[in-house]
Amino acid sequence: MADHPRTSSQTEFAPWTDPQAKPLIEFRGVTKRFGDFTAIDDLTLDIFEREFFALLGPSGCGKTTLMRMLAGFENPTEGEIRLSGQSIVEVPPNLRPVNMMFQSYALFPHLSVWDNIAFGLKRDRKSRDEIAARVEEMLRLTRLDQFARRKPHQISGGQRQRVALARSLAKAPKLLLLDEPLGALDRKLREDTQFELMDIQEKTGTTFVIVTHDQEEAMTVASRIAVMDHGKVKQVDTPARVYEVPNSVYVADFIGDVNLIEGRFTPTGPDRGEITYGAGEPPILAETTEQIAEGQTVTYAIRPEKIRVSAERPEDRSNVAFGKIIDIGYLGNVSTYHVELAGGQMVKAAMTNATRVERRDFTWDDEVWLSWRASAGVVLTQ
């Protein structure tokens, strides 16, 4: 994938850390029921202007229902939704400064790319000159100038996706909702389009809210991610913090690959302790700022890439464990080793293939040492 560095303005963008910042969107105690089924359960959430906000979770977690309430296709059973400080619960969809881009793109097959983009502007009875100027601006923004006179069936899937995006942005909404917008694209095109979406969002300054079940997509595009489960938001944070500092076993397990080791905690000093987890295994030395009682059951979460595999016992790591390689997964850029420890615990370690793998350093049934730092994992109590 091409390198797309963040600009300094993107890096510093964090209005959620400013107590004076006013959210663009406010969910306050929102519950949505369909008969006996609760799709959204007492949800409170803020989304700020210019954010690229991701709703992430498995099918049935409530993320699409949340988006449909923002669009006006559903009303909350309880609670309030505000946009720019005003309640929008009673405002019909066509009167909200909100646009929605669907997974299917919903383009008009009989209209050209130009006319598809102009459609909403014509319905709003804009002048011919206004429409022409805005459509040309959207064509330039989405790099579709040369396809303006083609019909949707005459362009590629990625180009159709950009037409749908241009049409959604043409009316300059305060908020653009994207429902699995890249789901129909193949992997390589999806990855490239993610960066295009980020560039367009930054140029327009429009607040984007994307619904996705694709973790990598959310991690790539979002300023913040809300991880959802059964109608509740489990954690809202930046992609880096959701990955590195999950607040629960659910979030740690849902985002990326992780080892989850259950054991009993013994404090050994300020912000540190030991986790006893297996017969005959040395305790795990871990750092944590949580106040955890002696003997409390905890889950230790550590990502495979934080663990080093070596043939000799290392002396420079806080944690060392001995085991045997049971399985190997070669993914091109990394190899994942499934190592069984003496006590039966299975641990995954990931090593970057920095050189061409013509002869593996390690193979099946090799006995190896695993090692990691005390700060590498997270101690979870829920």
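Below are the figures for this structure:
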quantity: FRET efficiency, 1/(1 + (r/R0)^6) with R0 41 Å, evaluated for Thr266 and Phe195 via beta carbons; calculated: 0.30
quantity: Förster radius 51 Å - calculated FRET efficiency between His153 and Ala279, Cβ distance, rounded to 0.05; calculated: 0.20
quantity: Set Lys32/Lys126; Lys171/Lys234; Lys151/Lys171 screened for pairs whose C-alpha atoms are more than 32 Å apart; calculated: Lys32/Lys126; Lys171/Lys234
quantity: Sequence-distant aspartates and glutamates (8 or more away, or on other chains) whose Cα lies within less than 18 Å of Lys188; calculated: Asp3, Glu180, Glu196, Asp199, Asp214, Glu216, Glu217
quantity: Among beta bridges that DSSP assigns inside the chain, antiparallel share in %, nearest 5; calculated: 75
quantity: 17 Å Cα-Cα reach of Lys122 towards aspartates and glutamates, excluding residues that sit fewer than 8 places from it in its own chain; calculated: Glu130, Glu136, Glu137
quantity: Reach of Lys22 by Cα under 13 Å, taken over aspartates and glutamates that are not fewer than 8 positions away in the same chain; calculated: Asp46, Glu49, Glu51
quantity: Inter-site label distance for Gln296 and Leu331 at 7 Å from Cα along Cβ, in nm; calculated: 3.2
quantity: For the range 12-61 and the range 115-140, distance of Cα centres in Å; calculated: 32
quantity: For the chain, the longest site-free run once GluC sites (Glu not before Pro) in DSSP loop states with at most 16 other Cβ atoms within 10 Å are removed; calculated: 91-289
quantity: Whole-angstrom Cα spans of the chain along principal axes, big to small; calculated: 77, 52, 41
quantity: Positive-end extreme of charge dipole, the range 135-232 - chosen from Met219, Gly157, Phe208 (charges on Cβ); calculated: Gly157
quantity: Convex hull volume per residue for the range 257-380, taking Cα atoms only, in Å³; calculated: 105
quantity: Summed residue charge, Cβ within 11 Å of Phe27's Cβ, Lys/Arg positive, Asp/Glu negative; calculated: -1
quantity: Percentage relative contact order, the chain, counting C-alpha pairs under 8 Å, at least six apart; calculated: 14
quantity: Net charge dipole size for the chain [Lys, Arg +1 and Asp, Glu -1 on Cβ; Debye, nearest 20]; calculated: 1880
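Throughout, read-outs are computed from the coordinates displayed, never taken from laboratory work. In this text the structure is predicted, and so the values were computed from the model without any measurement. As a convention, Cβ positions derive from the backbone with ideal geometry for all residues, glycine included, and neighbour counts pool all protein chains shown.
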